[in-house]
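Structure record follows, encoded as structure tokens.
The values are calculated or read from the model by the stated rules, or taken from the named source; none is laboratory data. Bear in mind that the values here come from a model prediction, so they are computed numbers and not experimental data. Cβ coordinates were reconstructed from backbone atoms using ideal geometry, including for glycine residues, and neighbour counts include every protein chain displayed. Surface areas here come from the heavy atoms of the whole protein model, side chains and all, with no ligands, DNA or RNA. Shrake-Rupley method; radii C 1.70, N 1.55, O 1.52, S 1.80 Å.
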Amino acid sequence: MKICFIFSNFHLSHLTAQPGIVFKLAKKAAERGEKIYIISNDIKNKNFRKGGIYFFLFKGVGNLRTYFLNLPKIIKYLKDSKPSVIHVHGSLLIIYAWFINRLFGIPMVCYLCETLDIMNTFYRKLLVFCLTRVEKIFLSSEYIKDQLIRNGIPSYKTLVVRIGLNEKFLAEMESLSPDTDILYFGDSSRERGFDIIFQLAQKLPQLKFKILLRWEERNCSNELENMKKMPNVTILYYPYSESLEQIISRSKLVILPYRWMAVRPPLTLVESMALGKCVITSSMEGNEEIIRNEYNGLIVNFNKLEDVVSKITFLIENDQVREDLGQKARETIRQMYSSEEYHKILNYYSNLLKKADE
């Protein structure tokens, strides 16, 4: 079977959730013996084969303009490679690929891990139009599934599949002595609650905060500059001197005060729980699917910061309570993000082709 994966920003597949999720799926399919093709944008033009995967990468940022400029090349590549299945990741690319596929009529499936909130009304309606006409929609969360159903997508077309977590986060690790009380990682944005982390660092000067940043955002630039001057805060920029999983493992608490994230549930939350960390996070929709409050983590109201400070202080001072929550978090993620989740998608490809041959 020949499967063609179409997604944006291949060059960020080692760093960000969306390209990373689908690239892991592509590699799983290649390991199973399928012939895999990848179409994506990159930092430069590349056309090569590696690890049983054929890569067709073109230079440009991951927006529709790049894909429209490369439209003739993509059409030719699909015509020459003749895939059995097209698998598309990302809202706008689903629309783009669906219209291209009108030329070929290849069975098409997609994976959505981002909410519909990122799109305006016009594109949302266009996306729904295309989704009602694909074979299957794989989703990262029940929250996104509910969004689709409310927008007219039949439930039978959807399936929640938990994939994208790097297996190294599920591997057994040696016990590491903590060197950090509070860990935050992601971007310095208001959407991720970076300003809340800044306030917590101010209110808890006796605790050591470690901040891992992939990149800076302007809407919290003042908070970032002030944090750089704080004696209880260490800020590290990607690439880090240690692996992410080691840094997480050396932390007592992980605090992720999301206000809004496109990807649900956020991979940073899943990674932290997978490593057995006690996580304090927000009630953002989708989080409750993997965190049961006070069973395998804490969901709090960050508008009531004094209450959050009290909970942090209690958990820092009570190792056993904190570690029990972290252990239950790890058990939850090991169950939800097992290798069987990939097989739900890979087996669907095979069944789809059998159905087409009947």
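What number comes out for accessible area per residue over segment 209-262 if the probe is 1.4 Å? Units Å², please.
50 Å²
Can you tell me what share of the DSSP beta bridges in segment 1-88 is antiparallel? A percent to the nearest 5 is fine.
On the way: 5 of 21 bridges.
If I count the DSSP bridges inside segment 1-88, around 25 percent turn out antiparallel.
Give the calculated FRET efficiency between residue 166 and residue 222 to the nearest 0.05, with a Förster radius of 45 Å applied to their Cβ-Cβ distance.
After rounding, the FRET efficiency stands at 0.85.
Please compute the net charge surrounding residue 334, taking Lys and Arg as +1 and Asp and Glu as -1 over other residues with Cβ under 12 Å from its Cβ.
The answer is -2.
Going through the cross-link list 79/136; 44/125; 277/311; 24/145, which pairs have a Cα-Cα distance over 24 Å in this structure?
Long pairs (Cα-Cα over 24 Å): 44/125.
Segment 63-128 to segment 212-282: how many Å between their Cα centroids?
A separation of 32 Å, based on Cα centres.
So with the 1.4 Å probe, I'd like the accessible area per residue for segment 20-132, rounded to whole Å².
Computed with neighbouring chains in place, this is 46 Å² per residue.
Any chance you could run the full-extension gain for residue 156 through residue 48? It's 0.36 nm times the residue separation minus the Cα-Cα distance, nm to one decimal.
Working it through step by step, the gained length comes to 35.1 nm.
Heavy atoms only, probe 1.4 angstrom, no DNA, RNA or ligands counted: give me 61, 161 ranked by accessible area, highest first.
Largest to smallest exposure gives the sequence 61, 161.
Using Cα pairs under 8 angstrom and six or more residues apart, how large is the relative contact order of the chain, in percent?
13 percent
Among the DSSP beta bridges whose two residues both lie in segment 1-160, what percent are antiparallel, rounded to the nearest 5?
So the antiparallel bridges in segment 1-160 amount to around 15 percent.
Under 15 Å from the Cβ of residue 136, count the other residues' Cβ atoms, weight Lys and Arg +1, Asp and Glu -1, and hand me the total.
+4
In square angstrom, what is the accessible area per residue of segment 146-197 with a 1.4 angstrom probe?
With all protein chains present, segment 146-197 gives 44 Å² per residue.
Under unit Cβ charges (Lys, Arg +1; Asp, Glu -1), what dipole magnitude, rounded to 20 debye, does segment 313-358 have relative to its Cα centre?
220 debye
Would you calculate a helix-derived [θ] at 222 nm for the chain, using -39,500 (n - 2.57) for each DSSP H run of n ≥ 4 and dividing by the full residue count, to the nearest 500?
So the calculated ellipticity at 222 nm is -12000 deg cm²/dmol.
Taking the Cβ of residue 61 as the center, what net charge do the other residues with Cβ under 13 Å away carry, scoring Lys and Arg +1 and Asp and Glu -1?
+2
Run the reach check for residue 229 against aspartates and glutamates, Cα to Cα strictly under 17 Å, same-chain hits fewer than 8 apart removed. What comes back?
195, 216
What percentage of the solvent-accessible surface of the chain, computed with a 1.4 Å probe over protein heavy atoms, is contributed by carbon and sulfur atoms?
It is 49 percent, rounded to a whole number.
Calculate how many DSSP beta bridges within the chain are antiparallel, expressed in % of all such bridges and rounded to the nearest 5. Let's see the in-between values first.
Details: 6 of 53 bridges.
Antiparallel bridges make up about 10 percent of those DSSP assigns within the chain.
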